[in-house]
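The values are calculated or read from the model by the stated rules, or taken from the named source; none is laboratory data. What you see is a predicted model, and the numbers here were worked out from it, not measured in a lab. Quick reminder, even Gly has a Cβ in these numbers, built from the backbone with ideal geometry, and neighbours come from all protein chains shown. The protein model used for the area step is the full one, side chains on, heavy atoms only, and it has no ligands, DNA or RNA in it. Shrake-Rupley method; radii C 1.70, N 1.55, O 1.52, S 1.80 Å.
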Amino acid sequence: MKYGFFEDASREYVITNPQTPWPWINYLGNEDFFSLISNSAGGYSFYKDAKFRRLTRYRYNTAPIDNGGRYFYIKDEDTVWSPGWKPVKTPLDSYECRHGMSYTKITGVKNGVSAEVLCFIPLKSWAEVQKVKLTNNSDKVKKLKLSSFMEWCLWNAEDDQNNLQRNLSTGEVEVVDSTIYHKTEYKERRNHYAFYHVNAPIQGFDTDRESFVGLYNEFSNPQVVFEGKPRNTVAHGWSPIASHYLEVELKPGETKEFVFILGYIENPDDEKWESKGVINKKRAKELIARFDTVEKVNAAFADLKSYWDNLLSVYMLKSSDEKLNRSVNIWNQYQCMVTFNMSRSASFFEVGIGRGMGFRDSNQDLIGFVHQIPERARERIIDIASTQFEDGGAYHQYQPLTKRGNNAIGGNFNDDPLWLILSTTVYIKETGDYSILDEMVPFDNDETKAKPHFDHLKASFYHVVNNLGPHKLPLIGRADWNDCLNLNCFSNNPNESFQTTENQKGGTAESLMIAGLFVVYGRDFVELCRQIGKNAEADAAQIHVNNMVEAIKTHGWDGEWFLRAYDFYGKKVGSKENEEGKIFIESQGWCTMAGIGVEEGMCKSALDAVKRDLDCEYGIVLNNPAFTKYVVEYGEISTYPAGYKENAGIFCHNNPWIMIGETVIKRPDMAMDYFKKICPAYLEEISDLHKTEPYVYSQMIAGKDAFKPGEAKNSWLTGTASWNFYAISHSILGIKPQYNGLQIDPCVPPSFGDYQVQRKFRGATYNIQIKNGSKGFGVKRLTVDGKVVEGNIIPLGTANSLNILVELD
Ligand code: GLC
Ligand code: GLC
């Protein structure tokens, strides 16, 4: 069953039934100021950091679900309704929510009145703009009462939910004309406040939640709205809110538009006050003045549209598969921008207080984003590297506001360092900007320990070399990419976190996943060294890579597939000798991506085993058989019910590793088949089962052993976005930026037919036409502007635009 449809021309997903199987959300904002918005206007806003600078309050995991947002209430005689259906839930005559590129437009129609609410964050501004357009389509005069509503969060979102003894006494506001200012704690320590404004005179307001909603009422039936009378309350403590009250008279056929602005202001210390206790509003007024008319808002909206036109023009596919086109050209790239911005911090599954920017996550997110805004990718790489330790190890995450690493969700994940080689090499291949390697970057945020960025990559590489176990395979540390494979932890206490518990000393658990990863990014490190003339460095590194390949072949092969690990005691994990968890996806992915044992048939055998033992209708599960009991020497992975999360769930992030592995052994049909299984655009028809948004990837789909196979959870913030974009754009469609030019190396099913890609690369536009062949891989002939080029790399040149014709075998 579907709940809407894709409208590719406008790059929107149009929801036509408000009762989606789960709130289907969107993100507003691209830099600094962000909002989450559901299809019924739920969600919240924050400045830079969803934990430390939360502007508005939202309630997670409540009944009713999706509780709190930017709500509008319309009272039309005795009928009260909301344009987004919720919170009032009065049945609407029509409803539509258009989620587009960084904006959402929700339209509700009731009793001849149409209310359209367009929400977006203008470029380079710390404000969410909400343009509300009311139209009277009836034949009589309408006297409407319009109330806005949002609830302030007291800045620190974690404290806001738990430190009630303190914060129920701290709330403070000011109301001046049509602006409600939230100034809680704006004293000596804080230099920031927020405001909510409307560009029209108001006939009343409320800022005290209890008075507005009514003590035992809900957002669905606020007493002030139903009474049709604001109380003009000024909050002192408790829970401050912001609600404007407007009386709007509309003649038949008449339209009126209002602009609401939620803004965030920081003041320098010497400009904090207007007078004693009264905040300085100068900057707020300036911000308001930028968007105080419909014309200004429309212009800002047009700017946002062209911003996205531009971003999405870097990689454009034209093929006969419309679902693939919309995934590649619109939604997958869009999701890559969102994961770049948010890492794993704030979604409807990530509460914005637990996790900041992940070291491994953010490095991986870059591979789907670097072509969009390389300068921001560069900045991110430096930010991440600045938190690294001198021995190459890493904090697992950092807070975006302070950019400092912390151990809140653990440390010592031995895969972490390697992802920095991935992000940096992908960045240089995209841009040709080698200068990043010379940039002085601190270790552990300590400027006195700054070294050229190249040294960080070297530290990453040698962190693996210096941490090998008895089989000369990488020690796993706390865990590798699979956070839940905690082979040294031995936790028997349910009150401990697997992320932060002290590991048992003396463990020598080793990871085949890191081993494969090391071969892939170790080779990239070697290649990079050669590019910059560090040949001795390259030679030295190559020896370690070769040794790792040997160690994997000797100690990492189980006969038919690659082992997953050796545990604390040196016993095999992911082997036919095991009762449960005989085979795992990650090592099959990385060892086949590295092409280990491809000549001996190991890759083919491993991928055949994946097909046989891990694949199912909805994607490839992580391990098989699922764990049914807790295994203390394996940790968190065995705590999950079978078929969920890291215990045999379809953990979508790792599926593209298998797709790429399939392209290494040139099985394009298999690669594409895996791609379509988890790509959301192909799942739209089963939305009621899939549950999450059909326009973005989810982290996990319940696997074959689950209660409800095919049901997804944790949409939006997942490495799945960037890895699938990488797999499809790079490995399958075959457009690969290299140091010395653009390589064309497709691996597509012959049945896929011919296709075109427009790729902007190093300042030029490449119009690439691919003529498919009977195999779907291997370049038979490549011409650039009619001239034959040997090999499959288009050399860098001076032309602004090139026409490329490629014939495949
Ligand atoms: C989550 C984490 C990621 C980890 C994965 C597997 O997606 O964000 O860092 O690799 O789970 O455990
Ligand atoms: C849990 C989750 C895993 C996630 C981790 C982050 O272990 O299962 O997916 O990466 O928490 O803290």
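Structure notes:
- Cα radius of gyration and Dmax for region 366-414 (Å): 11.9, 32
- Theoretical gain in end-to-end length, THR255 to ASP78 [0.36 nm per residue, Cα-Cα removed]: 61.6 nm
- Here is the tail figure for region 263-418: Cα pairs spaced more than 26 Å apart come to 51 percent of all pairs.
- Built amide H within the under 5 Å cut-off of GLN738, gap 5+: GLN743
- Inter-probe distance in nm under a simple model that places probes 7 Å from Cα toward Cβ, at GLU322 and ALA540: 5.8
- Across region 669-678, coupling constants 3J(HN,Hα) worked out from phi with the 6.51/-1.76/1.60 Karplus curve, θ = phi - 60°, read 5, 5, 4, 5, 4, 4, 4, 5, 4, 10 Hz, and Gly and Pro carry x.
- Computed FRET value (nearest 0.05) for ASP438 with VAL632, which takes r as the C-beta separation and R₀ as 41 Å: 0.30
- For region 188-347, pairs of C-alpha atoms spaced more than 26 angstrom apart make up 55 percent of the total.
- For region 288-324 versus region 455-490, the gap between their alpha-carbon centres in whole angstrom: 43
- Under 18 Å from a label point set 7 Å out along the Cα-to-Cβ vector of GLN756, the amide N atoms of region 2-36 belong to 9.
- Share of alpha-carbon pairs per 5 Å distance bin for region 619-752, given as whole %: 2, 11, 18, 20, 17, 14, 9, 5, 3, 1, 0
- Separation in nanometres of the label points that stand 7 Å from Cα toward Cβ, at GLU247 and GLU550: 8.9
- Ligands, DNA and RNA excluded, the heavy atoms of SER114 present near 20 Å² of accessible surface to a 1.4 Å solvent probe.
- Given LYS75/LYS183; LYS534/LYS604; LYS534/LYS771, the pairs whose alpha carbons are separated by over 32 Å: LYS534/LYS604; LYS534/LYS771
- Dipole moment magnitude, nearest 20 debye, region 453-546 about Cα centre, only Lys, Arg, Asp, Glu C-beta charged: 200
- For the chain, the Cβ-based charge dipole about the Cα centre amounts to some 1000 debye (Lys, Arg positive; Asp, Glu negative; other atoms uncharged).
- Here the Karplus curve 6.51 cos²θ - 1.76 cosθ + 1.60, taken at θ = phi - 60°, turns the phi angles of region 707-721 into couplings of 5, 10, x, x, 7, 9, 9, 6, 7, 6, 8, 8, x, 3, 4 Hz, with x standing for Gly and Pro.
- In a reduced charge model with +1 at each Lys and Arg Cβ and -1 at each Asp and Glu Cβ, region 287-336 shows a dipole moment near 100 debye about its Cα centre.
- Segment LEU123-LYS140, extension gain: residue separation times 0.36 nm, minus the distance between their alpha carbons: 2.1 nm
- Shape analysis of region 388-485 yields a ratio of the Cα radius of gyration to the Kirkwood radius, Rg/Rh, of 0.98.
- Here the peptides 555-562, 156-163, 354-361 are ranked by packing, the mean other Cβ count within 10 Å, and the order with the highest first is 354-361, 555-562, 156-163.
- Rg/Rh (Cα only; Kirkwood hydrodynamic radius) as it applies to region 16-76: 1.00
- If R0 is 41 Å, the Cβ-Cβ spacing of ASP177 and ALA9 corresponds to a FRET efficiency of close to 0.50.
- What the pair-distance distribution of the chain shows, using all Cα-Cα distances binned every 10 Å from zero, is 3, 13, 22, 24, 19, 12, 6, 1, 0 percent.
- For the listed peptides 499-506, 84-91, 763-770, a ranking on the average number of other beta carbons within 10 Å per residue, highest first, reads 84-91, 763-770, 499-506.
- Modelled FRET efficiency - R0 45 Å, LYS775 with ASN445, Cβ distances, 0.05 increments: 0.30
- Between PHE707 and TYR60, the simple spin-label model (points 7 angstrom out along Cα→Cβ) gives 2.1 nm.
- Distances between placed amide hydrogens fall under 5 Å for LYS775 paired with no residue 5 or more residues away or on another chain.
- When nucleic acids and ligands are ignored and a 1.4 Å probe is applied, GLU7 ends up with an accessible area of around 60 Å².
- Close amide H pairs (under 5 Å, H built 1.01 Å from N) link TRP155 with ARG54, residues at least 5 positions away or on another chain.
- 3J(HN,Hα) along region 225-232: 5, 5, 6, x, 9, x, 10, 6 Hz, from the Karplus curve 6.51 cos²θ - 1.76 cosθ + 1.60 with θ = phi - 60°, whole Hz, x for Gly and Pro.
- Viscosity 1.567 mPa s, temperature 4 °C, Stokes-Einstein D of region 105-220 from Kirkwood C-alpha radius, µm²/s: 76
- If the chain linking GLU599 and GLN165 were pulled fully straight, counting 0.36 nm for each residue of separation and taking away their Cα-Cα distance, it would gain 149.5 nm.
- Annotation: Cα Rg of region 515-612 relative to the compact-globule expectation 2.2 N^0.38 Å equals 1.18.
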